[in-house]
Amino acid sequence: MNQRPAMDISGLPTFGHGPRSPTWWGTLGFMALEGTGFALAAGAHLYLATLWPNWRLSAPQPNHWPGTIVTLLLIVSLVPNHMLNRYAKECAIGPVRIGMVVMSLLGVAPLIVRWFEFPALNIYWDTNAYGSMLWVLLGLHTTHLITDVGDTIVLTVLMFTHHGYSGRRFGDVGDNVFYWDFVVLTWIPIYLLIYWLPRWG
């Protein structure tokens, strides 16, 4: 009679954080796809800039203040975001709930400022190639921002229900923290391309 090896895995944890979670790897794949889109858009912008000595094509410089305020808000948000990650790993439901509310507000705030950022570009999307590229870059990141803020708000509401106090939900919070870092990281080169490349060029 053949005996098959068996192992009791009932003692293993039912959830994990970071790379131990399949959702984390899915989020990483999503980032790779989106990052490729950002890289292609930025590459097209830089390529066109090399074709014309005056890349702004006589358009006025964009007003950098709304974009700078968005940048500062995003950088500041990294502090509570990483505190939230620590609380999620500790499965501390109270601090996680507070952190999720804070991160929802810090996600909405840049979107409000972003509303004023589009007119501050001082050019319409259909004026010329330069205007089109600015709107594409800003539009891509705005879509990125809206998607993550929507996800954060839904998760925040979920954490206040009886479904919130579960390991899987704490893992979701960790993945949300991971993705928010990506939202902030992708904005920095776009901000430099839109507002400072015309000034340095």
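For residues that are in contact (Cβ under 8 Å) with a residue 60 or more places away in the chain, part of a helix (DSSP H, G or I) and open to solvent by less than 30 Å² (accessible area, probe 1.4 Å), tally how many sit in the range 153-168.
The qualifying residues number 2.
Does Y179 qualify as being farther than 25 Å from W196 by Cα, aromatic (F, W, Y) and part of a helix (DSSP H, G or I)? I'd like the intermediate steps shown before the answer.
Numbers: farther than 25 Å from W196 by Cα: yes; aromatic (F, W, Y): yes; part of a helix (DSSP H, G or I): yes.
It is true that Y179 is farther than 25 Å from W196 by Cα, aromatic (F, W, Y) and part of a helix (DSSP H, G or I).
Inside the range 66-92, can you point out the residues that are closer than 11 Å to V173 by Cβ, part of a helix (DSSP H, G or I) and open to solvent by less than 40 Å² (accessible area, probe 1.4 Å)?
Scanning the range 66-92 gives N81, L84, N85, A88.
Of all residues in the range 1-57, how many are basic (K, R), in contact (Cβ under 8 Å) with a residue 60 or more places away in the chain and open to solvent by 100 Å² or more (accessible area, probe 1.4 Å)?
0
Kindly evaluate L185 against the criterion of being surrounded by fewer than 18 Cβ atoms within 10 Å (Cβ to Cβ), under 18 Å from G37 (Cα atoms) and without any contact (Cβ under 8 Å) to a residue 24 or more places away in the chain.
On the way: surrounded by fewer than 18 Cβ atoms within 10 Å (Cβ to Cβ): yes; under 18 Å from G37 (Cα atoms): yes; without any contact (Cβ under 8 Å) to a residue 24 or more places away in the chain: yes.
For L185, the condition - surrounded by fewer than 18 Cβ atoms within 10 Å (Cβ to Cβ), under 18 Å from G37 (Cα atoms) and without any contact (Cβ under 8 Å) to a residue 24 or more places away in the chain - is met.
Can we say G150 is within 16 Å of the chain's Cα centre (by Cα), open to solvent by less than 40 Å² (accessible area, probe 1.4 Å), more than 30 Å from Q61 (Cα to Cα) and without any contact (Cβ under 8 Å) to a residue 12 or more places away in the chain?
Working: within 16 Å of the chain's Cα centre (by Cα): yes; open to solvent by less than 40 Å² (accessible area, probe 1.4 Å): yes; more than 30 Å from Q61 (Cα to Cα): yes; without any contact (Cβ under 8 Å) to a residue 12 or more places away in the chain: yes.
Answer is yes for this residue.
Residues of the range 98-139 being aromatic (F, W, Y) and open to solvent by 30 Å² or more (accessible area, probe 1.4 Å), which ones? Steps first, please.
Filtering the range 98-139 down to residues aromatic (F, W, Y) leaves 115-116, 118, 124-125, 130, 135.
Matches in the range 98-139: W115, F116, F118, Y124, W125, W135.
Looking at the range 169-176, is at least one residue closer than 22 Å to I69 by Cα, in contact with a helix residue (DSSP H, G or I) (Cβ under 8 Å, 6 or more places away or on another chain) and open to solvent by less than 10 Å² (accessible area, probe 1.4 Å)?
Taking every residue of the range 169-176 in turn, none turns out to be closer than 22 Å to I69 by Cα, in contact with a helix residue (DSSP H, G or I) (Cβ under 8 Å, 6 or more places away or on another chain) and open to solvent by less than 10 Å² (accessible area, probe 1.4 Å).
If I ask for residues that are in contact with a Gly (Cβ under 9 Å, 6 or more places away or on another chain) and assigned to a helix (DSSP H, G or I), which ones from the range 115-143 would you list?
Answer for the range 115-143, where residues must be in contact with a Gly (Cβ under 9 Å, 6 or more places away or on another chain) and assigned to a helix (DSSP H, G or I): E117, F118, A120, L138, L140.
The values are calculated or read from the model by the stated rules, or taken from the named source; none is laboratory data. Note that the structure is a prediction, hence the values are computed from the model and not measured. Using ideal geometry, Cβ is built from the backbone for each residue, glycine included, and neighbour counts are taken over all protein chains shown. We work out accessible area using only protein heavy atoms, side chains counted, and drop any ligands, DNA or RNA first. Shrake-Rupley method; radii C 1.70, N 1.55, O 1.52, S 1.80 Å.
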